[in-house]
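Engineer: My questions will all concern the structure given below.
The values are calculated or read from the model by the stated rules, or taken from the named source; none is laboratory data. The structure displayed is predicted, hence computed values, not measured ones. Neighbour counts run over all protein chains shown; Cβ positions are idealised from the backbone, glycine included. In case anyone asks, the SASA skips ligands and DNA or RNA and just uses the protein heavy atoms, side chains included. Shrake-Rupley method; radii C 1.70, N 1.55, O 1.52, S 1.80 Å.
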Amino acid sequence: MLALFLPVAAVLYIGGEAVSPKGTDQVVTTAAVAFKVLPIAAQHQTQLYLASALVLFGLGALAVSYGAIATLVRDRGSALATVAALLGGLGAFCGAIVNVVVYPSLAAAASAPVSRRAAANLLVTAFNSEFGHVFTYLYFASEYLAPLLMGIALWRSRAVPRWLAALFFVGLLVAELMESYGPIVILYMLPFAAAMVLLAARIWSAAASPEDRSRTPEPTSVPV
């Protein structure tokens, strides 16, 4: 079951970025940015809500995926993999909070029966609040650190080929840095999808390994 979360996370995360209206995936910290994205949001409200749902579920699946990938690491790098899994889960949670502020709030503000200036002020206030800053900073910090630590843990443990550890780090980092450019982002995020599918196959194989001692019959006792 854990292995299935990896390809699901890739599909949901890539789908959310692909359907995001172009130019809306921005941190609205100034009125100039707000006036730029509000007209786009007003024309693509359904897309914004759909993108939000896909990204939220994708981040949830990504949080579980970090824990699943950590099960591959044994002995060397296991402590680092555990830290990476914790950071990845925290980052995915914070990312979900930030994306709720980005997409649904933007769509709601664009459709609210208020002036464009009032909607812009609402968005800028929400993004510049202490609440928004805390979750945004935690999200940005963990989205860089968690893939790096997990990649190092996979590299050191030799549980997977080293090229796969590098592909996971680079692919996930590119996916997280990708902005809303439309369906073209799918091409740039294919390495991330490939890494998740290959790691899922490794997790699946490890779970089905004959080394599972739970399937080994207990030795019968010999009476004295």
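Engineer: From zero outward in steps of 10 Å, how is the percent of C-alpha pairs of segment 4-48 spread across the bins?
Structural biologist: 25, 41, 24, 9, 0
Engineer: With the other protein chains left in place, how much accessible area per residue, in square angstrom, belongs to the chain at a 1.4 angstrom probe? Present the calculation step by step, with values, prior to reporting the outcome.
Structural biologist: Details: 11690 Å² over 224 residues.
That works out to 52 Å² per residue.
Engineer: Expressed as cubic angstrom per residue, what is the convex hull volume of the alpha carbon set of segment 19-123? Working shown, then result.
Structural biologist: Working: hull volume 10.1 nm³, N = 105.
Residue-normalised Cα hull volume stands at 96 Å³.
Engineer: Right, next: Apply the Karplus parameterisation 6.51 cos²θ - 1.76 cosθ + 1.60, with θ equal to phi minus 60°, to every residue of segment 124-141 and state each ³J(HN,Hα) to the nearest whole Hz, in sequence, with x for glycine and proline.
Structural biologist: 5, 5, 5, 6, 8, 6, 4, 4, x, 5, 4, 5, 5, 5, 5, 5, 5, 5
Engineer: What ³J(HN,Hα) values, in whole Hz, does the Karplus curve 6.51 cos²θ - 1.76 cosθ + 1.60 give for segment 150-159 when θ = phi - 60°, with x put for Gly and Pro?
Structural biologist: 5, x, 5, 4, 5, 5, 6, 6, 6, 5
Engineer: Right, next: Can you list the HN-Hα couplings for segment 72-77, worked out from phi with the Karplus curve (6.51, -1.76, 1.60; θ = phi - 60°), rounded to whole Hz and with x for Gly and Pro?
Structural biologist: 6, 8, 10, 6, 5, x
Engineer: Another one. Could you please state how large a percent of the accessible area of segment 1-144 is carbon and sulfur, counting protein chains only and using a 1.4 Å probe?
Structural biologist: Result for segment 1-144: 71 percent of the exposed heavy-atom area is carbon or sulfur.
Engineer: Roughly what would the spin-label model give for ALA79 and ALA112, points 7 Å off Cα along C-beta, in nm?
Structural biologist: 4.9
Engineer: Out of these labelled values of percent of Cα pairs over 23 Å apart, (i) 54; (ii) 51; (iii) 46, which was calculated from the coordinates shown here?
Structural biologist: The value computed from this structure is option (ii).
Engineer: Before rounding to the nearest 500, sum -39500 (n - 2.57) across all DSSP H runs of length at least 4 in the chain and divide by the residue total; then give [θ] at 222 nm in deg cm²/dmol.
Structural biologist: Computed mean residue ellipticity for the chain: -25500 deg cm²/dmol.
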